[in-house]
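Taken together, the values in this text are just the output of simple stated rules run on the coordinates, not laboratory data. None of these values were measured; they are calculated from a predicted model. FYI the Cβ positions are ideal-geometry reconstructions off the backbone, even for glycines, and counts take in every protein chain you see.
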Amino acid sequence: MHDFRRTAVRNLERAGVPRSAATKMTGHKTEAVYRRYAIVDEAMLAESGAKLQMLHTSHARAARVVGLPGPNGQSTGKATADARPTLKGRAV
C-alpha cells in the first residue's frame with residue numbers, strides 16, 4: 001500500500017499538481033506526512049536546475065536597454081542593459 005502511495009505522490013509531483021490538491025488526492029491529513037512520500041531524485045533536481053536556468057536566461061533577455069545621456073542631456077546612441085528585475089514597474 002505504501003509503495004503505491006509513494007508512486008502516486010512522485011507522479012503528482014512530476015506532473016506539477018499543486019500540493020494542496022495532491023494531498024487531498026492521496027488522502028494525507030497533513031502536508032508534513034505527504035512530504036514523507038515526496039522523494040526527490042537526481043533527475044528531478046537536474047530538471048529543477050534547468051528550469052531555474054531558463055528563468056534566469058529569459059529575464060536576462062527581457063532586460064531593458066536604455067540610452068546613456070550625453071553631457072548635453074541628449075542620447076549618445078550608446079546603450080546599456082538595465083538588468084534589475086522589475087515587478088509591475090517597480091525595481092525589486
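Brief remarks on what is shown
- Local electrostatic count at Glu13 - Lys and Arg +1, Asp and Glu -1, tallied over other residues with Cβ under 12 Å: +3
- Projected label distance in nm at Ala8 and Val33, using a 7 Å step from Cα toward the beta-carbon: 1.2 nm
- J(HN,Hα) series, the range 31-47, from Karplus relation 6.51 cos²θ - 1.76 cosθ + 1.60, nearest Hz, glycine and proline x: 5, 4, 5, 4, 4, 4, 8, 7, 7, 9, 10, 4, 5, 5, 5, 5, 5
- Between Met54 and Glu42, the contour length at 0.36 nm per residue exceeds the Cα-Cα span by 2.5 nm.
- Computed from backbone phi, the HN-Hα couplings of the range 7-21 come to 4, 4, 5, 4, 5, 5, 4, 5, 6, x, 5, x, 4, 4, 6 Hz, rounded to whole numbers (Karplus: 6.51 cos²θ - 1.76 cosθ + 1.60, θ = phi - 60°; Gly and Pro given as x).
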